[in-house]
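Below: the structure, in structure tokens.
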Amino acid sequence: IHKLTTDESSEYVVLDSVTRKNLELTQTIEGSKSPTLFSTLNNCASTMGSRCLRRWINNPLQNNHKVMLRQRAISAILQSIHDEIGNFDTHMSVEAIRGYLSGIPDIERISTRITLKSVRPRELASLRDTLARIPEIIKLCQAIKGSEKISEISSLLRVDTQIYDTLKSAIADEPSVLIRDGNVIADGYNHGLDELRSMANDSGRYLSELEVREKERTSITNLRVEYNRVHGFFIEVPRSQADKVPIEYQRRQTLKNVERFITPELKEWEDKILSAKERSLALEKQLYDQLIDRLQEFTQPLYTCANSLAELDVLVCLAEHARQHSWVAPQLEDKPCIYIEKGRHPVVELTIEQFTPNSCNIDQNRSLLLITGPNMGGKSTYMRQTALIAILARIGSFVPADNAVIGSLDRIFTRIGAADDLAGGRSTFMMEMNETSVILSASTPNSLVLMDEVGRGTSTYDGLALAWSIAHRIVTHNKALTMFATHYFELTQLPNQLPQVANVHLAAAETSTGIAFLHEVKEGPASRSYGIQVAQRAGLPNAVIRNASKQLLRLESQTSNNSQLDLFNEALISVENNIEQEEQAGLLKNITEAIEALDPDDLSPREALDALYELRKLIS
């Protein structure tokens, strides 16, 4: 830890764990790593860039100025790509940046390992090679004009050349994996180490001369001088010629076909050579530890450089993605609003052949969109794409739309899908109500709320009553920007009471082959849910479908003859209230008359008790 800084939650658009899961930012609802928003965008050239992109997605910014710095940087990168047709050098500057970034190691983690003194030789070698590239990356950044963010990154990339010079002089071009294996410190770095290495490496010439000399002296043509780590140096002679060895040969090992010997001369040389190797390895380890101690003072500049490279990587990645998929720069506002023209889901549009774009218009005067339409019609996709576009805009990215205006947001809430917590003793409906409770208690006029099928986990009238009351509370009290998807068509009367509510629906049509989903958002409420048709497409048996159709006709005919619950019919509620008041008035009159007819002075205890029972019977 180099320093502590205050990180205010008010700087970010707060996304709780439920929202991250439902919007599939970095992990799908099933737990897979793709397809998610992160996996779709992540074409970063470095590990540091991928980590930075993940942080940005999980922590969108509220401050428009900081967001615009990133957005203008992406615009400058795109401008440099398209600037002056035929300007080959300008276009290649961005490609060159990606080329340089693709080969850089994880400098952030290398710096941490330097601090912890656990860095490996090859990591230092890769750090040295990266620092050699930094000046060229700075030049390429300077070719991108018109961005304060890119200029800031360019200045922060400047690292003290002493770090590179130290690593270049100290670390070998191709060091060993571990320091204990030697060949890590470069030749010429330390005179004493060079002498010990020379002594150890000259053993090859001596052994060749010894082998030739012993062959001539013993007349054993197959004699060889060898070395291994277990037995050291030895003279190997075939067993068939072992009787020719001189008397000073001392047997070291007997194998199936050969005998191995050692001589006093070879033993003396072995001690000298092995001592030189051991001393060189010990000195190399000492020099390596001293090098790491020297690098300690440079870890903070390395962290700064790593963060700058990561941000540059993310900006180039987002710019390239925007260019390939025709994304546009959103306009940012200080008031809570979301205006999207022909928006697209950034993940789904890449997984299907043709995606139907849809617009969205929410502000304080039109704060709740009541979304109806068939299952599989695209309600959840429409809601989530709106939230994802808002998140993309708030991280500084371009967005998948023809045009977009994204206002200030403080939190994004979601109540989507069905899940339970059996171990925690919570049913599916209880989980739904818990999440709804959080939304009603914490959302503000600057919040974006997505609610899908609230109230479906209980009886029809209970769910309808709760859904109406929740929607009413959000509009009148929380005043959050809300997208409210439902199959309770009675709720579509809510705009008659609250002008801030607007009905939209996902269009569908019945054809000769079945239901066709148009995936197009239109104004006004839907007329049907097409649940039976969707069930038929899911493969339910025909007998079940026919029976369900009959039951639907029967229920609809009953509905036409009997008055249904209408939460929005104030006249009906008023009539019921008047009837109840008249009944209460009549009851009070009867009780009064019965009491006035009694004379307490003339009543015996038994008669008084009977009169009390009569009054109780009258009330009940």
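Worth a mention:
- Qualifying residue in segment 473-480 (condition: open to solvent by less than 60 Å² (accessible area, probe 1.4 Å) and either out of contact with any helix residue (DSSP H, G or I) (no Cβ under 9 Å at 6 or more places or on another chain) or outside any helix (DSSP H, G or I) (or both)): yes
- Among residues of segment 332-361 being polar (S, T, N, Q) and within 25 Å of SER34 (Cα to Cα), the one that is surrounded by the fewest Cβ atoms within 10 Å (Cβ to Cβ) is GLN354.
- Residue match in segment 103-110 (condition: surrounded by fewer than 20 Cβ atoms within 10 Å (Cβ to Cβ) and modelled with pLDDT under 90): yes
- The set of residues in segment 179-234 being farther than 19 Å from GLN250 by Cβ, among the aliphatic types (A, V, I, L, M) and surrounded by 15 or more Cβ atoms within 10 Å (Cβ to Cβ) consists of ILE179, VAL184, ILE185, ALA186, LEU193, LEU196, MET199, ALA200.
- Sole residue being in a helix (DSSP H, G or I), open to solvent by 70 Å² or more (accessible area, probe 1.4 Å) and either in contact with a Ser or Thr (Cβ under 6 Å, 6 or more places away or on another chain) or within 15 Å of ILE114 (Cα to Cα) (or both), chosen from GLN286, GLN290: GLN290
- Looking across segment 149-204, the residues that are assigned to a helix (DSSP H, G or I) and under 15 Å from LYS285 (Cβ atoms) come down to ALA170, ILE179, ARG180, ASP181, GLY192, LEU193, LEU196, ARG197.
- For first residues located in segment 417-444 and assigned to a loop (DSSP other than H, G, I, E, B), partners that are at pLDDT below 70 and lie 6+ apart or on another chain with Cβ distances below 6 Å form the pairs SER427/ASP420.
- The set of residues in segment 524-541 being at negative phi and part of a loop (DSSP other than H, G, I, E, B) consists of PRO525, ALA526, SER527, ARG528, SER529, ALA538, LEU540, PRO541.
- Some residue of segment 316-326 being closer than 17 Å to ILE137 by Cβ, touching a Cys at 6+ places or on another chain (Cβ under 9 Å) and in contact (Cβ under 8 Å) with a residue 40 or more places away in the chain: yes
- Single residue of segment 95-148 satisfying the filter (assigned to a helix (DSSP H, G or I) and of a type in the set (S, T, N, Q)) that is farthest from ALA172 (Cα to Cα): GLN142
Residue-wise test of (1) at positive phi; (2) in contact (Cβ under 8 Å) with a residue 24 or more places away in the chain.
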| position | (1), (2) |
| --- | --- |
| GLU195 | no, no |
| ASN201 | no, no |
| SER219 | yes, yes |
| ASP271 | no, no |
| ARG279 | no, yes |
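- Some residue of segment 240-258 being at pLDDT below 90, among the charged types (D, E, K, R) and part of a helix (DSSP H, G or I): yes
- Checked against the criterion of being surrounded by 23 or more Cβ atoms within 10 Å (Cβ to Cβ), closer than 22 Å to VAL67 by Cα and at pLDDT 90 or above, the candidates ALA329, ALA390 yield just one match: ALA390.
- In segment 393-406, the residue that is surrounded by the fewest Cβ atoms within 10 Å (Cβ to Cβ) out of those that are of a type in the set (A, V, I, L, M, F, W, C) and within 17 Å of the chain's Cα centre (by Cα) is ILE395.
The values are calculated or read from the model by the stated rules, or taken from the named source; none is laboratory data. Remember, it's a predicted structure, so these values are computed and weren't measured experimentally. Note that each Cβ is placed from the backbone with ideal geometry, even for glycine, and that neighbours are counted across all protein chains shown. Note: areas computed on protein heavy atoms with side chains; ligands, DNA, RNA excluded. Shrake-Rupley method; radii C 1.70, N 1.55, O 1.52, S 1.80 Å.
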